[in-house]
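Visitor: Here it is, the structure, as structure tokens.
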Amino acid sequence: MRHTGVAAENVGLHAVLATVLAWRRVCQASALPRSPSARAVFGMTYDPAGGRIVLVGGRIATSASSDETWVYAGGAWTLLVSATSPGERGNAALAYAPSRRTLVLFGGWDWTGDRHLADTWVLDGDSWREEIHAPAPPARYGNGLATLGDGVLLFGGYEGDHLGDTWLHD
């Protein structure tokens, strides 16, 4: 027996996958006592070392940029306070670096200074620190970062034109 091109024995599996992969609202911002304000073009990734999601920066609803770092764990958001931070930015990329059990952030757009950024920041536990590298990727925003082996791979972005270069941070 066939059902829409799928063997009958697989129909149950597809039904299970459809259920498992469905979206469901975890919380609504207005229902939480504390959460990030509405925003776009922020960096966000999962931090397996901390068992949490980390959200950085972005452009908030008032058209202001944000320098906040928020952590989502255990069903609640918490504002992370660090002595130093990447500062106000949007369109920055963030990824996990397994070899150091840290998160790496690169670049973004600085609305205050109206410029592309070329800085590297590392979130180690609850503390941000800037790392200076030479050589380093040129300034950009909208680039991608992803975990690759023990390091972090950067690709593309925009800096006056679309970029197609690849860099490895390890």
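Computed from the coordinates by the stated procedures, all read-outs in this text should not be read as laboratory data. Predicted model only: the values in this text are computed from it and were never measured. We place every Cβ from the backbone using ideal geometry, glycine too, and count neighbours over all the protein chains shown.
Visitor: Which order do the peptides 158-168, 98-108 take when ranked by the mean count of other beta-carbon atoms within 10 Å per residue, highest first?
Guide: With the highest mean Cβ count within 10 Å placed first, the list reads 98-108, 158-168.
Visitor: Once the mean 1/r over all distinct Cα pairs of segment 51-95 is inverted, what Kirkwood radius in angstroms do you read off? Could the numbers behind the result be given before it?
Guide: Values: mean 1/r = 0.0887 Å⁻¹.
One decimal place: 11.3 Å for the Kirkwood radius.
Visitor: First select every other residue whose beta carbon is under 10 angstrom from the beta carbon of VAL41; then total the charges, Lys and Arg +1, Asp and Glu -1. Can you show the working numbers first?
Guide: Values: positive: ARG39, ARG59, ARG89; negative: none.
With Lys, Arg at +1 and Asp, Glu at -1, the net is +3.
Visitor: Summing Lys, Arg as +1 and Asp, Glu as -1, what charge do residues with Cβ under 13 Å from the Cβ of ASP150 carry, ASP150 excluded?
Guide: On the way: positive: ARG100, ARG101; negative: ASP170.
Cβ neighbours under 13 Å give a net charge of +1.
Visitor: Using a/c under 1.5 as the rounded threshold, could you call segment 41-170 rounded, prolate or oblate? The axes a ≥ b ≥ c are square roots of the C-alpha gyration tensor eigenvalues, and prolate needs a/b larger than b/c, oblate otherwise.
Guide: In terms of gyration-tensor shape, oblate.
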